[in-house]
1. From the phi of every residue in segment 52-62, what ³J(HN,Hα) in whole Hz does the Karplus formula 6.51 cos²θ - 1.76 cosθ + 1.60 yield, where θ is phi - 60° and glycine or proline is x?
2. Based on other C-beta atoms within 10 Å, arrange Ile35, Ile153 from fewest to most.
3. What trypsin sites (Lys or Arg not before Pro) does segment 52-90 have in DSSP loop regions with at most 15 other beta carbons within 10 Å?
4. Past 30 Å, Cα to Cα, is the threshold; run Lys76/Lys226; Lys99/Lys151; Lys63/Lys201 against it and keep the listed order.
5. If you take Rg/Rh (Cα atoms, Kirkwood Rh) from the coordinates, which of (1) 1.35; (2) 1.07; (3) 1.02 do you get?
6. Of Phe157, Phe217, how do they rank once you tally other Cβ atoms within 10 Å and put the fewest first?
7. Provide the gained length on full extension for the span Arg43 to Asn199, in nm with one decimal, where the gain is 0.36 nm per separating residue minus the Cα-Cα distance.
8. Excluding Thr128 itself, what net charge comes from residues whose Cβ is under 15 Å from its Cβ, given Lys and Arg +1 and Asp and Glu -1?
Amino acid sequence: MRTTEENLYGVCMDFDPLEMLHEGVASWNEWRHDIYLDVIDLRKADLAGAKLKNINFNEVNLKKANLEQANLRNAKLSEANLKKANLKHADLRYANLMKADLEEANLKEANLRQANLMKANLRGVILTGCNLKEAFVRGANLSNAILCDAKLIEADFKKSKLRKADLSKADLRSTNLRHTDLSGALLVDADLTGADLTNAKLRGADLTGANLTDANFTGTDTREVKDDRR
């Protein structure tokens, strides 16, 4: 989709951001550094399998874009619009997704190890089988998200919202869930060994079959929790 940019002399010029991407990541990032645009529009762009390591996609509109199996390792995606984007099997290790909008995006089996998702909008996102080990997810909204079989080992979800999220069979060993809202969440057969749930909200959550060995429930709201050990 074509848009306009201002050159060094303030003259507006038409350009196609997809054509710029074909020049490579280094050229794209240099161009982003040199020009100013209110919005870069890559809605519905087909970038499946693209090699975009270290790309600067900060504030870019990637709504409904196809990024399946794309290499976005160490990418800058702060405040990007990724609503309903296809990120299945994408490599997002070390990516910065702070305040990004990923509502209803599909990240099935994506690799988000050590990614920054602080204050991101992840409502209704599909994260089935994804790797979020050691990811920073503080203050994010994951209400109604699907995280079945996800690897969340040592991830930091402090003060995040996981209301009615599906965490069935998720690996939450040593995960920081302090002050996290897990009201109505499904944690069936999840592994919460050593997890910190201090002052978390678990009201109405389902912990059937969950491994709670050495988990910290200090100050946790466990009213109406479903647990086969009770």
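1. 10, 4, 6, 5, 9, 10, 4, 6, 7, 8, 10
2. Ile35, Ile153
3. Working: sites: Lys53, Lys63, Lys64, Arg73, Lys76, Lys83, Lys84, Lys88; in loops: Lys53, Lys63, Lys64, Arg73, Lys83, Lys84, Lys88.
Of the trypsin sites (Lys or Arg not before Pro), not one in the loops of segment 52-90 has a Cβ with at most 15 other Cβ atoms within 10 Å.
4. On the way: Lys76/Lys226 40 Å; Lys99/Lys151 22 Å; Lys63/Lys201 32 Å.
Listed pairs above 30 Å: Lys76/Lys226; Lys63/Lys201.
5. (2)
6. Ranking Phe157, Phe217 by Cβ neighbours within 10 Å, fewest first, gives Phe217, Phe157.
7. Contour length minus the Cα-Cα distance gives 52.1 nm.
8. Charge balance near Thr128 sits at -3.
Rule-based calculations on the coordinates, nothing more; no lab input. Note that the structure is a prediction, hence the values are computed from the model and not measured. Heads up, the Cβs are rebuilt from the backbone with ideal geometry, glycines too, and the neighbour counts pull from every protein chain shown.
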